[in-house]
Amino acid sequence: MWKQDIRGSIAYAKATTKVGILTEEECNSIVSGLEKVYAEWESGTFEIKAGDEDIHTANERRLTEIIGSLGGKLHTGRSRNDQVATDTRLWTVEAEKDILKDLGTLLEAGAEVAKMNIDVLMAGYTHLQPAQPIRFGHWLMSHMSALMRDAERLQQLIPRANQCPLGSGALAGNAFGVDREFLAKELGFDGVTSNSLDSVCDRDFVVEFLTWHSMLLMHLSQFAEDLIINNMLKCVEMDDAYATGSSLMPQKKNPDALELLRGKAGVALGRSVGLMATLKGLPRAYNKDLQEDKVPLFDAVDTVKDCLAIATGVICTMKPNPKMLMKALCPEMLATDLADYLVRKGVPFRETHHISGACVRLAEESSVSIDTLTLEQLQNIDSRFEADVMKVWNYEESVERKSSIGGTAKARVLEQVEKCITFSKGL
């Protein structure tokens, strides 16, 4: 957080100059010294010394070495309590904005792959049992829809995190009347925190991010599990870059990247719950326990960025196998279409559901596929079946009949794709 700490110190020097604590000349000297400290960090030449308790004392110590005792004026009216709160908010908001860009990249990639495979059909499942035919693009966009909600949620977190606590002091506020709105504007915050006591101990924005990242990784885990199953069924082939072989069995190609994505979700939840457990018993104002927010926060950001990069790579390189996806379809998946056929002839759905079920039972008892039942057999179950009922056994027409918003019809899936691409470009 050296960048954020130096940015905060430069802004604070300017704010104390406005209230007469520093002269313009002193402010310029401090700012110049801080810029030199910044350059040392950036070039990798900054030397951390044994007495540096944290980033704040390290930067101030080096500033004083560069400009002399004048550096000691910088901390007037300021506490490490409001300083670390400021640095953490700045760092978190920057990280959240970077993550939104990564999410945008993933979403656009997913939408493009869905569009590219718009004519590929596959089996849809409930309870891991064959349910109804869908489009491969529709399945992929179902995962993109969840990730779009994640992006929206992250956008909603940023304004709450992007509030300036600087000028709150240790807990009771600033005794020199610094302009906190000036500080907020200088640092790019949306506004200022409203209570100095709360400002120095509020880590809600960290908890919110950790909770958010656990939900994101939950969704990535679900996506990974779906792909692992489809990979096992040879319906989707994983690129070698995201799979590994076995040390014993030469035929194996394991979807390790997906398994790692799936595994990260549990660790993410642990980070979120762990920090809340730390915070739950703290009295008001700053306590040293609060430093425990850094490890889960830093780890969470690194994990999210890595997982988004991996998921994007998986999506861009995976190859759906239309032949195997079609093979997973079975005529029994059209049993609901058979019921809908009679609904269109005016029969109540509750009745048609039982009629279609009777057709399924007849096929099972006869050890034949339901689409091989003759018109005579169907009419023996219900006389309202007519010759055109045989057109029901068509997977493409089945998915096209689901033409309401969000359905599997080609035009509706393409609507989802375009909506996702537009959304992703705005992140």
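The values are calculated or read from the model by the stated rules, or taken from the named source; none is laboratory data. Note that this is a predicted model, so its numbers are computed, not measured. Neighbour counts run over all protein chains shown; Cβ positions are idealised from the backbone, glycine included. Keep in mind that these areas ignore ligands, DNA and RNA; they rest on the heavy atoms of the full protein, side chains included. Shrake-Rupley method; radii C 1.70, N 1.55, O 1.52, S 1.80 Å.
With the requirement that a residue be part of a helix (DSSP H, G or I) and buried (at least 17 other Cβ atoms within 10 Å of the Cβ), what does region 394-409 give you? Within region 394-409, Tyr395, Ser398, Val399 meet the criteria.
No other residue among Glu181, Glu225 is closer than 30 Å to Gln416 by Cβ, charged (D, E, K, R) and more than 12 Å from the chain's Cα centre (by Cα) apart from Glu225. Among the residues of region 354-376, just one is surrounded by 14 or more Cβ atoms within 10 Å (Cβ to Cβ) and among the polar types (S, T, N, Q), namely Ser356. Just one residue in the set Lys391, Lys425 is closer than 30 Å to Ala109 by Cα and open to solvent by 70 Å² or more (accessible area, probe 1.4 Å); that residue is Lys425.
Identify all residues within region 1-45 that are part of a loop (DSSP other than H, G, I, E, B) and modelled with pLDDT of 95 or more; write none if there are none.
Result: Val19, Gly20, Ile21, Leu22, Thr23, Gly44, Thr45.
Scanning region 127-136 turns up one or more residues that are among the small types (Gly, Ala, Ser) and not in a loop (DSSP other than H, G, I, E, B). Considering region 187-206, the residues that are open to solvent by less than 20 Å² (accessible area, probe 1.4 Å) and part of a helix (DSSP H, G or I) include one that is nearest to Gly263 (Cα to Cα), namely Val206.
Checked against the criterion of being within 29 Å of the chain's Cα centre (by Cα) and not aliphatic (A, V, I, L, M), the candidates Lys49, Lys18, Lys3 yield just one match: Lys3.
In this structure, Leu260 qualifies as more than 30 Å from Leu171 (Cα to Cα), open to solvent by 80 Å² or more (accessible area, probe 1.4 Å) and assigned to a helix (DSSP H, G or I).
Scanning region 287-331 for residues that are in contact with a strand residue (DSSP E or B) (Cβ under 7 Å, 6 or more places away or on another chain) and either part of a helix (DSSP H, G or I) or at positive phi (or both), which turns out surrounded by the most Cβ atoms within 10 Å (Cβ to Cβ)? So, considering only residues that are in contact with a strand residue (DSSP E or B) (Cβ under 7 Å, 6 or more places away or on another chain) and either part of a helix (DSSP H, G or I) or at positive phi (or both), the one surrounded by the most Cβ atoms within 10 Å (Cβ to Cβ) is Leu325. Determine, yes or no, whether Thr92 is under 34 Å from the mean Cα position of the chain (by Cα), modelled with pLDDT of 95 or more and not acidic (Asp, Glu). Here the answer is yes, as Thr92 does meet what is asked. Scanning region 163-186 for residues that are open to solvent by 10 Å² or more (accessible area, probe 1.4 Å), polar (S, T, N, Q) and in a loop (DSSP other than H, G, I, E, B) gives a single hit, Asn174. Any residue at all in region 353-365 that's without any contact (Cβ under 8 Å) to a residue 60 or more places away in the chain and part of a loop (DSSP other than H, G, I, E, B)? Checked region 353-365: no residue is without any contact (Cβ under 8 Å) to a residue 60 or more places away in the chain and part of a loop (DSSP other than H, G, I, E, B).
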